[in-house]
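The numbers here are math on the coordinates, done by the rules we state, and not lab data. Just so it is clear, the model here is predicted, and its values are computed rather than measured. Note: ideal-geometry Cβ built from the backbone for every residue, glycine included; neighbour counts use all protein chains shown.
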Amino acid sequence: MQPNRPYEAGYAGVGLTYGRVPFAIDPAEFADADVVIVGAPFDEGVSFRPGTRFGPRAIRQAEDVGAPAGRPNMELGIDPFTALRVVDAGDVDVAPAFLQQSHAALRARVSEVLAADAVAIVLGGDHSLSTPVMQAIADRHGADGYSVIHFDTHADTGLDDTTPHAIPFSTGVKEGFLLGSNIMQIGLRGNWPYPHEFDWMREQGFRWRTMSEVVELGIGAVVREAIEFARARAPRTYLTIDIDVLDPAFAPGTGTAEPGGLMTRELLFAARAIASEVDLCAMDLVEVSPPYDHANITAMAGHRVVYETLSGLALRRSGRPARPERS
Ligand SMILES: [Mn+2]
């Protein structure tokens, strides 16, 4: 089902699927899909400012291209919407104020996508959604069957079990659906995690690059390191991107902004490079909070991070080298 006219201006129409791809809510329709987009509009897991329940809709509506205009990726020379069959399954059936029930719905939905051998791309929603996403991946491939590349200001490895969006990666290790030695985190800054939490992360084998290390080494070197790390640890990779890894100048619309982060162009490069060089099983883009956004800056960044991920995935599936448009 296609929610728009065959040809429609970028500002017209309901435009409620990501990139105006076909809507496919029945899991039977996932069978021939390469990628299934899933919205997870809940924010009961946050520690500070809620609002990410409005994220999936804002990211989808950040589209500014008509349908079905071509969207060839200038840096790769491939159009992901032509090279891949991408469908949008809409949002999971969330239960207001019942985070566990919303998590269960997302775990079930991602399991259906993985069972169809498609890549799940989840639009958040707060970062607690990584818990059901990783549970679904581990259900299918085992805890040792996947690695994680995680972009974030915060490590989300809280040890007090109180705030759901601050603990998915510690919970995963404690409950056995994530191996601590299989995760690399990029962009950490600010004051948290605290030293005792970093000690725990070291003990579990976590790897990370702080924002200062990214500045010193360069985003290219850090992304290369992450790709090699992920490929060495497991046959497939889960890419999870908290939009607050961006500087608030580039992503003001988020709940726990922290100055001193990545530029949007660096994150777009990273998503494109990683998706073109690892075998992704799932990806998510979390913590876009439209009530704090200005001029759709953050929603647009989230939309484009997903687009670059799709582009990299399309290139990898094509089996050919990139053909960037150069003079
Ligand atoms: Mn996070």
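Things to note:
- Inter-label distance, nm, simple model (7 Å from Cα along the C-beta direction), Thr82/Glu8: 2.3 nm
- Each residue, Asp160 and Lys174, gets one label point 7 Å from its Cα in the Cβ direction; the gap between the two is 1.3 nm.
- Each peptide in 5-14, 208-217, 85-94, 27-36 gets a packing score, the mean of other Cβ atoms within 10 Å over its residues, and the list from highest to lowest is 85-94, 27-36, 208-217, 5-14.
- Helix 297-318 vs. the chain, principal-axis angle (Cα, 0 to 90°, nearest 10): 80 degrees
- Value at 222 nm in deg cm²/dmol, rounded to 500, when DSSP H runs of n ≥ 4 in the chain each add -39,500 (n - 2.57): -11000 deg cm²/dmol
- Distant alpha-carbon pairs in the chain (separation over 24 angstrom), percent: 49 percent
- Full extension of the segment from Asp279 to Ala104, taken as 0.36 nm per residue of separation minus the current Cα-Cα distance, would add 60.5 nm.
- Mean silhouette area of region 207-249, derived from the convex hull of its C-alpha atoms and averaged over all directions, reads 3.5 nm².
- The simple spin-label model puts a point 7 Å past each Cα toward its Cβ; for Arg202 and His294 those points are separated by 4.0 nm.
- Just checking the listed ones, Pro132, Pro96, Pro164: in the Gaussian network model of the chain with Cα springs under 10 Å, the one fluctuating most is Pro96.
- Listed residues Leu188, Leu84, Leu178, most fluctuating in the chain (Gaussian network, C-alpha, under 10 Å): Leu84
- Degrees separating the helix 130-141 axis from the principal Cα axis of the chain, which is the longest one: 80 degrees
- The order of the peptides 229-242, 143-156 by mean Cβ neighbours within 10 Å, most packed first, is 143-156, 229-242.
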